[in-house]
Amino acid sequence: MACFIVPAAEGIVTTVVSKSVKNKETEALKSEHGEIVERIPFSVKLSWLNKMLFGGAALLAFEHVWHGEVVPFFPFLSAMNDPAQMSQMLHEMGTVGVAMAGVITLVWGGMVAVTNAMQDAALKKLKPVKEENRR
Amino acid sequence: MTLLVSVFAAVFSTLIWYSNKRARELKCGMLCWLFWGASLMWFVDALFEYAELGADYFAPAAADMLNDFFLGLSVVALALIIWIVYLLIKDPDGVIKERLFVRKI
């Protein structure tokens, strides 16, 4: 009924976190060919989660419009007009919505773990670069 | 059916993203995130529905299937619109920026 709201709310939180860690310094390494290699910053990895959460929530919101559960007038959720339907909606948000957000976060966590392992394997042989050489 | 359409769209957009450099330049990755995000959410929704309906979940009425297929195609259309708007805003080739100004020599 309104399960997409939970992932969208998580998306707002992760967007704020992503903005706050964006300026964090990244570690630079030099390859044997002399090129400077940097890890993907954590803010970029967080943006993957943001895109999945907001993208999925947008498409699911459209499905809810399709089924008449989201309406273009206040209070925007048709279930809000009926107390019985409202409790059902809240239950659905607490079960399906939380599960959706959890599964997406789990999948993203798996992706980050795999990319970190791949980066570690690839960067193992590279030499650290001094700060003045990065520019 | 909507889940199936979304999964196929996710797989095809990921294949295009992986195999085509031009597609990556044109921000095709955005489509992948949209479709994979929606597919995961509909998958969870399908699991809850399966827990409720059991085997009946796999035997939908023809009218429901058709409606869900129509919905799936509409979702793909919406995702393509989101992607094209994102592409025009990001303007990786500078086409929009070029059109905004008249060059006089």
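The values are calculated or read from the model by the stated rules, or taken from the named source; none is laboratory data. Bear in mind that the values here come from a model prediction, so they are computed numbers and not experimental data. Note: ideal-geometry Cβ built from the backbone for every residue, glycine included; neighbour counts use all protein chains shown. Calculation scope for accessible area: heavy atoms of the full protein, side chains included, ligands and nucleic acids excluded. Shrake-Rupley method; radii C 1.70, N 1.55, O 1.52, S 1.80 Å.
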Kindly evaluate B:G37 against the criterion of being at positive phi and either in a loop (DSSP other than H, G, I, E, B) or out of contact with any Lys or Arg (no Cβ under 6 Å at 6 or more places or on another chain) (or both). no
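Conditions (1) free of Cβ contacts under 8 Å to residues at least 60 places away in the same chain; (2) of a type in the set (D, E), marked per residue:
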{"position": "A:K51", "(1), (2)": "yes, no"}
{"position": "A:F54", "(1), (2)": "yes, no"}
{"position": "A:A58", "(1), (2)": "yes, no"}
{"position": "A:E92", "(1), (2)": "no, yes"}
{"position": "A:W108", "(1), (2)": "no, no"}
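So that you can scan it fast, the table gives a plain yes or no per residue for (1) open to solvent by 20 Å² or more (accessible area, probe 1.4 Å); (2) in contact with a His (Cβ under 6 Å, 6 or more places away or on another chain); (3) under 23 Å from B:D45 (Cα atoms); (4) part of a helix (DSSP H, G or I):
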residue	(1), (2), (3), (4)
A:K45	no, no, no, yes
A:W48	yes, no, yes, yes
A:K51	yes, no, yes, yes
A:F54	yes, no, yes, yes
A:A57	no, no, yes, yes
A:A61	yes, no, yes, yes
A:F73	yes, no, no, no
A:A79	no, no, yes, yes
A:Q88	yes, no, yes, yes
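Got at least one residue in the stretch B:87-104 being open to solvent by 30 Å² or more (accessible area, probe 1.4 Å), more than 10 Å from chain A (Cβ to nearest Cβ) and on the phi > 0 side of the Ramachandran plot?
No: the stretch B:87-104 contains no residue that is open to solvent by 30 Å² or more (accessible area, probe 1.4 Å), more than 10 Å from chain A (Cβ to nearest Cβ) and on the phi > 0 side of the Ramachandran plot.
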Any idea which of (1) under 10 Å from the mean Cα position of the chain (by Cα); (2) more than 14 Å from every other protein chain (Cβ to nearest Cβ) is the one B:M30 doesn't satisfy? (2)
